[in-house]
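One structure is given here, and the rest of the page talks about it.
The values are calculated or read from the model by the stated rules, or taken from the named source; none is laboratory data. In this text, all values refer to a predicted model and were calculated from it rather than measured experimentally. Neighbour counts are summed over all protein chains in view; Cβ atoms, including those assigned to glycine, are modelled from backbone coordinates with ideal geometry. Accessible surface is based on the protein model in full, side chains and every heavy atom, while ligands, DNA and RNA are left aside. Shrake-Rupley method; radii C 1.70, N 1.55, O 1.52, S 1.80 Å.
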Amino acid sequence: MRKKGFIFDLDGVIVDTAKYHFIAWRNLANSIDIDFTELQNEQLKGVSRVKSLEKILKWGGKEISENQFSNLMQQKNEDYLSHIDKMDNQEILPDVCKVLDFLIKEKHGIALGSASKNARMILEKVNLIHQFEVIVDGNDVTKGKPNPEVFLNAAKELNIHTNNCIVFEDSVAGIQAANTANMISIGIGDATVLHEADYIFNDFTEIEISFIKELIKE
Ligand code: B16
Ligand code: MG
């Protein structure tokens, strides 16, 4: 059996921080008289902080100075971090640890591949930081998903060929990034949204260890 590399996205795969992003982006948008809906929040999944604010300003038809832009970015992140600060391991999504523990026991490579610049802090909060051999996050890349940079860097650091890497992702941009990187893509979420993925599950409770064993055999 060849060692495989399993790369996990963070937000929406390991924890549901999308709800905190939503509150913080809505507060920020409303503070500059822009409406912000849950549907719009969906479109920000996997998208970097800068690109997210650019989209919100475009939706609201607003143009602002560079200085205001960086102040708003900071405002949003401070609001978001006030929620992150209260997180603990109860927020790890169901059965994520079942899969992680199995992969660690079988000695496969485990990496995080997230667009978030707060990824390390969140992993610490939920007490999973030591489970990850490699962490590549928003601080380590120059191009966001759907560019495959984050996953390619993770594979490189794991020292495992891209063909032997498997990505768990909840965003369309992330699935496209994994596919472009020639990795197996596993969508976590709505099948109609994530139809480009090689496999799709609603959540980790649907992923049997027998499925993982089959993947490892390939
Ligand atoms: P931050 P992921 C992404 O994380 C989120 O899905 C996305 O909504 C967020 O804007 C992005 O991280 C940046 O996050 O503001 O914490 O740097 O899904 O790639 O783990
Ligand atoms: Mg995500």
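Brief remarks on what is shown
- Flag if V167 is under 15 Å from the mean Cα position of the chain (by Cα) and touching a residue at least 40 places away in the same chain (Cβ under 8 Å): yes
- Evaluation of P94 against (1) open to solvent by 10 Å² or more (accessible area, probe 1.4 Å); (2) within 15 Å of ligand 1 (Cβ to nearest atom); (3) over 14 Å from the mean Cα position of the chain (by Cα) (one fails), failing number: (2)
- Qualifying positions in region 180-211 - assigned to a helix (DSSP H, G or I) and buried (at least 19 other Cβ atoms within 10 Å of the Cβ): F204
- Residue list for region 24-49, restricted to those being within 24 Å of L194 (Cβ to Cβ) and either of a type in the set (V, I, T) or open to solvent by less than 10 Å² (accessible area, probe 1.4 Å) (or both): W25, T37, V47
- Filter result (part of a helix (DSSP H, G or I) and either touching a Cys at 6+ places or on another chain (Cβ under 7 Å) or among the charged types (D, E, K, R) (or both)) within region 66-114: E66, K76, E78, D79, E91, K98, D101, K105
- Test result for L93, under 25 Å from V13 (Cα atoms) and touching an Asp or Glu at 6+ places or on another chain (Cβ under 8 Å): yes
- Search result, residues across region 142-179 that are within 15 Å of ligand 2 (Cβ to nearest atom), outside any loop (DSSP other than H, G, I, E, B) and either at pLDDT 95 or above or not assigned by TED's automatic domain parsing to the domain that holds I212 (or both): V150, F151, A154, V167, F168, E169, G174, I175, Q176, A177, A178
- Residue check, K58 basic (K, R) and open to solvent by 80 Å² or more (accessible area, probe 1.4 Å): yes
- Matching residues in region 1-23 - criterion: being open to solvent by less than 40 Å² (accessible area, probe 1.4 Å) and more than 10 Å from ligand 1 (Cβ to nearest atom): K4, G5, F6, I7
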